[in-house]
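Contents: one structure, followed by commentary.
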Amino acid sequence: MQKIKLSQQNLKFFFSPVGPFHSWHTESYWPYDFVDRNSKTLFVTIGDSWTWGSGVVNGFIDMSSGVQTQEKRKRHLYGNIISESKNYDWLNLGSYNIGNYWIADKVYELRRLLPTLDYDKIIVHCLFTGVGRWFDTWQDSLDNHKKFFESDVGTDTQDYENFLIDLNRKQIAKIQLLFSTVDKVELYIGSNAVELCGADKLPKKQVIDKPWYHLLTDTRLNDIFVDTECLKYLPNIENYLISKDQKFAFQKWMMEKIEQAETQLKMLGGMRCVAEDKCHTNAEGHEIYAQYILGKVL
């Protein structure tokens, strides 16, 4: 099989773009980064806006920002700091406004490419975000959510909490399965600004113990897995409910999620190293997270 050498220029041939179905953009774009250090190890970071680098440069930044701004963003990212320290090649598959379904999809695209890549080792770092983003959209259209609520399930608020956690569990299981037949891949899964859930069947060595936000604040979210972005999609759960008891329990649970998302947003605004937008960490926060991964994981 002919080997492929990745470059910044050819990423669009191997990884699908982000576009109107993922964000506010009306056109498709490829927000991915690649740095070639002529290494036999590839370090891959996959995640949302925290991984892409929202907040590391002062002022608003997206894919329409200039080359110099993009280079400054890329230079300060935790993925670049880690890979530069280890002299690894680095592939950054991050984008803003996406969710954990998208992260699993990017793992699929990477897995499809693996046989053609000439690396001795590939380290994959998936950074999960709030659970429920893009729920009941084209991104989970193959999942039979209706079946879960066909019985008496859903008459207690804990049923919805279990359902939420299971959404993450399924994506983690999908990622595990994709890498299960590849020996040269090291997988690590963590979370950024929420607690990680659904990782109970993941080997402990593959779980990053501390969510990123733990390094930036003394506040702990405990069992909070959602953020304000999730609130756009979680109300769609009601589309699958049948009985009045289910709908009553769901509405009560939904009020709890709204309160939790507000708590999470308040935590973000009070973080050390918080960016100007009060929703992300700045460059210093990326340095702190990079040093944690270098010291505790890699």
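The values are calculated or read from the model by the stated rules, or taken from the named source; none is laboratory data. Everything numeric here is computed off the predicted structure, so don't read it as measured data. Glycine also receives a Cβ, built like all others from the backbone with ideal geometry; neighbour counts cover every protein chain displayed.
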Selection status of GLU195, in contact with a Lys or Arg (Cβ under 9 Å, 6 or more places away or on another chain), acidic (Asp, Glu) and in contact (Cβ under 8 Å) with a residue 60 or more places away in the chain: no
The one condition in (1) more than 20 Å from the chain's Cα centre (by Cα); (2) at pLDDT 95 or above that TYR240 fails to fulfil: (2)
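Looking at GLY47, GLY94, can you tell me which residue is in contact with an Asp or Glu (Cβ under 7 Å, 6 or more places away or on another chain), at pLDDT 95 or above and either of a type in the set (Phe, Trp, Tyr) or closer than 17 Å to ALA290 by Cα (or both)? Talk me through it step by step, then tell me what you get.
Working: GLY47 fails: in contact with an Asp or Glu (Cβ under 7 Å, 6 or more places away or on another chain).
The unique qualifying residue is GLY94.
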Looking only at segment 264-281, and only at residues there that are in contact with a Cys (Cβ under 9 Å, 6 or more places away or on another chain) and buried (at least 20 other Cβ atoms within 10 Å of the Cβ), the one that is farthest from GLY53 (Cα to Cα): LEU268
Of all residues making up segment 250-286, the number that are touching a helix residue (DSSP H, G or I) at 6+ places or on another chain (Cβ under 8 Å), closer than 23 Å to LYS232 by Cα and of a type in the set (Val, Ile, Thr): 2
Residue that is nearest to THR129 (Cα to Cα) [pool: residues in segment 255-294 that are at pLDDT 95 or above and acidic (Asp, Glu)]: GLU262
Count - residues of segment 236-257 that are among the β-branched types (Val, Ile, Thr) and surrounded by 13 or more Cβ atoms within 10 Å (Cβ to Cβ): 1
